[in-house]
Each structure stands twice: as C-alpha cells, then as structure tokens.
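*Asks:* Have a look at the structure that comes next, please.
The values are calculated or read from the model by the stated rules, or taken from the named source; none is laboratory data. Since the structure is predicted, the reported quantities are computational estimates derived from the model, not experimental observations. Using ideal geometry, Cβ is built from the backbone for each residue, glycine included, and neighbour counts are taken over all protein chains shown. Calculation scope for accessible area: heavy atoms of the full protein, side chains included, ligands and nucleic acids excluded. Shrake-Rupley method; radii C 1.70, N 1.55, O 1.52, S 1.80 Å.
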Amino acid sequence: MADSKVSPTPLLKDELDIVIPTIRNLDFLEMWRPFFQPYHLIIVQDGDPSKTIKVPEGFDYELYNRNDINRILGPKASCISFKDSACRCFGYMVSKKKYIYTIDDDCFVAKDPSGKEINALEQHIKNVLSPSTPFFFNTLYDPYREGADFVRGYPFSLREGVPTAVSHGLWLNIPDYDAPTQLVKPLERNSRYVDAVLTIPKGTLFPMCGMNLAFNRELIGPAMYFGLMGDGQPIGRYDDMWAGWCIKVICDHLGWGVKTGLPYIWHSKASNPFVNLKKEYKGIYWQEELIPFFQAVSLPKECTTVQKCYIELSKQVKAKLGKVDEYFIKLSDAMVTWIEAWDELNPVAGSTAAELTNGPKK
C-alpha cells in the first residue's frame, strides 16, 4: 500500500550533481539560486574553449571545455559530440554522484496554476526516490503520491513497484516540437499544466527530452549516452531521443521504471526552425526505421548489467541499422568507446572494464 504519511523530500545535496551544457554566460542560474545553490554543478562548455563562461557568484561548480574533454578522455574523446548540447553526457561520466539532474540554460523557473514557483529539482527527487509501476497501469497515475493509491483491481503482487531509473519533466511556454511542427505552428505555446506523473509502461517507447531530466546515475548512467551529433555528423537534435530509446529498452529488460510528467520548467525561447530542420531532416525519415528497430530489440538474459546491455545494443545497431546508413556503424563504435571511457573513469571494485563489457577472462 502507498504510505499515507508524507515525509519531507530529502535534498540529496551530497548525492546529486546538476549538469548544464552551455555556450554562454550562465545568468539564468540567478533565478534558480534558491533551488540550485546547495548542489554541485557540472558545466560542460560547448564550442570555442578559449571563450570564458561567467558563472554567478556563490555556486559550487566545475567547468569542462573541449580541451578538458580531450585531456581527460584522450583518443576516446571522439565519442563526445562537439557543437551540440549532446556534449552534456560528458558531465554524467565525470560525476561521482548517485543522481543527475540536467537542464538547459534557456529553462527558467515555472509557476504552478496557483502562482507558486515550482521547485523542479525537488519534484524530480520525489520521482526518482519513489517506485515506478511499468508492468500494470494505475488509472490514478502515481499511486505513491499523497492523496492517491492503487485502484481496485490492481494486483497486490505488483504494488511494491520497481526502482525508478529516469524522471522526465515537461515544459511550459515553448513546447519541444520538431522543425516541421514549429514551422506550421510558430505561435503555439504550452499553457496546459497537467498535475500528474505517469510511469511509461513496459514495451512503450517515448521521445525523451534532455532539457529537464533527472536519473539515477548508479542504475542507468552508462546507457545515458547522447550519441554523435553536431559538428562533423549528419544529424542533430536526436541526442536525447537516441538516449531515451536506449535507456527505455534497457530499463524494460532489467525491470526498472521511467516516469514522465511533473515537474514543469518554463522554456523561454524557441530555436530557429530552419536551422532545426537542417539538423533534423535525416532523423525525421531515419526514425521510421529506428523506432521499429527499438520496438523489436531483444536483449539476451546474459545481459545482466547496463554495460553488457549497451554493448549488445551497439552490436544490434551495427548489424541492423548499419544498412540504413553508414552513420550508424560509426555510432555503434562510439557506443562501445563511450562504455570503455565510462568504465575507465568509473571503475567497479574488483572488475576491469574488459570484464564488464566482455565477461570475465576465461
């Protein structure tokens, strides 16, 4: 049964890093100061590394630019995108915390319908600390929330739920639309505040947006790779989508949950739809083959860790999507490089990277 006593949400200030990709001064942090100041920030500077990014005083942060990424990863830095917000996943890799919250620098504090400022981070923490229910849908949505429970007919054997790996938040004002939708609805704004958190059912994919996203790094971190995007690549704006499809099939396989809904942030500015179309146009038709691929992915029962799942997924990407375009052969190799780099920076006691990816030496 869901607990009727509501305890305050733990702050997790020593267990959570906030990762921000940027090319500009981070003035937007002033608005978030009441909510973000207790936390450690990891800022991943994209673009020209000689440019100085200003961070408001009083924040505890580390900043990495392209030179730092190259120095830390060496040849493996090739797996981190350049001139694309996909570079944020480097921050996931160098973090040493259990949880990550990532936000874009054009996302401001939203207000709920009563006019109260929304502490997005607090709601994400609630989401990741309470279980998910991917195997059976609860028609009152999140049963662990105050004032809700499991409805009549919900199997008691499933009421404990499963660990939550990912909390996907939403946006007021500028919706996360693709370029064709932006072009036909240039003035559309999202003002609908839906007071709900849902577990995305097992077997259902979703479009994951990286601008207001939290996850349990210890559980799903190695699969949160945002792919090869931007400079030198034939595609952009599919970094978070790719990661979302990968994490969802892996969470389904390992029995973990993914939530979407609250919290909302205020997305302040629309990106240029013509620039977006140039970045997205291959993805828009590739995804008609990518989605059936991910819907059909089957991971063998030997894949018991995220790393093993991800390496297996990379092999299937190469074998099946390599026929769609040679880009996917390059991407599958980058997926392996990413896991090798992750394991070098995050060694598991008693295991080598080779054992995690290939199994123990015979």
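*Asks:* Which of the residues that make up region 90-120 are under 14 Å from the mean Cα position of the chain (by Cα) and under 20 Å from Thr260 (Cβ atoms)?
*Replies:* Tyr92, Tyr99, Ile100, Tyr101, Thr102, Ile103, Asp104
*Asks:* Which one of these is among the charged types (D, E, K, R) and either out of contact with any Leu (no Cβ under 8 Å at 6 or more places or on another chain) or at positive phi (or both): Asp106, Asp142?
*Replies:* Working: Asp142 fails: either out of contact with any Leu (no Cβ under 8 Å at 6 or more places or on another chain) or at positive phi (or both).
It is Asp106.
*Asks:* Hey, another quick one. Just to be sure, is Gly74 touching a Phe, Trp or Tyr at 6+ places or on another chain (Cβ under 9 Å) and over 24 Å from Arg192 (Cβ atoms)?
*Replies:* Considered against the rule, which asks whether it is touching a Phe, Trp or Tyr at 6+ places or on another chain (Cβ under 9 Å) and over 24 Å from Arg192 (Cβ atoms), Gly74 comes out as no.
*Asks:* Looking for whichever is over 24 Å from Asp27 (Cβ atoms) and open to solvent by less than 10 Å² (accessible area, probe 1.4 Å) here; the options are Ser114, Ser191, Ser167. Which one fits? Give the derivation first.
*Replies:* Numbers: Ser114 fails: open to solvent by less than 10 Å² (accessible area, probe 1.4 Å); Ser191 fails: open to solvent by less than 10 Å² (accessible area, probe 1.4 Å).
Answer to the selection: Ser167.
*Asks:* Looking at region 293-305, is at least one residue modelled with pLDDT of 95 or more, within 23 Å of Asn212 (Cβ to Cβ) and not basic (Lys, Arg)?
*Replies:* yes
*Asks:* Six or more apart or on different chains, Cβ under 8 Å: which pairs go from a residue in region 28-57 that's under 15 Å from Leu11 (Cα atoms) and among the basic types (Lys, Arg) to one that's part of a loop (DSSP other than H, G, I, E, B) and open to solvent by 30 Å² or more (accessible area, probe 1.4 Å)? Could you list them?
*Replies:* Arg33/Gly58
*Asks:* Taking into account only those residues within region 312-333 that are surrounded by fewer than 21 Cβ atoms within 10 Å (Cβ to Cβ) and in contact (Cβ under 8 Å) with a residue 40 or more places away in the chain, which is farthest from Val94 (Cα to Cα)?
*Replies:* Asp325
*Asks:* Considering Pro222, Pro234, which residue is surrounded by fewer than 23 Cβ atoms within 10 Å (Cβ to Cβ), more than 27 Å from Arg145 (Cα to Cα) and not charged (D, E, K, R)?
*Replies:* After applying the criteria, what remains is Pro234.
*Asks:* Right, something else. Just checking, how many residues over region 285-328 are in a helix (DSSP H, G or I) and among the hydroxyl-bearing types (Ser, Thr, Tyr)?
*Replies:* Residues in region 285-328 being in a helix (DSSP H, G or I) and among the hydroxyl-bearing types (Ser, Thr, Tyr): 4 in total.
*Asks:* Filtering region 71-97 down to residues that are farther than 28 Å from Asp14 by Cβ and among the charged types (D, E, K, R), which residue is surrounded by the most Cβ atoms within 10 Å (Cβ to Cβ)?
*Replies:* Asp84
*Asks:* For region 98-111, indicate whether the set of residues that are open to solvent by 20 Å² or more (accessible area, probe 1.4 Å), in contact (Cβ under 8 Å) with a residue 24 or more places away in the chain and of a type in the set (Ser, Thr, Tyr) is non-empty.
*Replies:* The answer is no; no qualifying residue exists.
*Asks:* Can you pull out the residues in region 121-144 that are open to solvent by less than 80 Å² (accessible area, probe 1.4 Å) and in a loop (DSSP other than H, G, I, E, B)?
*Replies:* Passing the criteria: Ser130, Pro131, Thr133, Pro134, Asn138, Asp142, Pro143, Tyr144.
*Asks:* All but one of (1) modelled with pLDDT of 95 or more; (2) over 21 Å from Leu16 (Cβ atoms) hold for Glu122; which doesn't?
*Replies:* Condition not satisfied by Glu122: (2).
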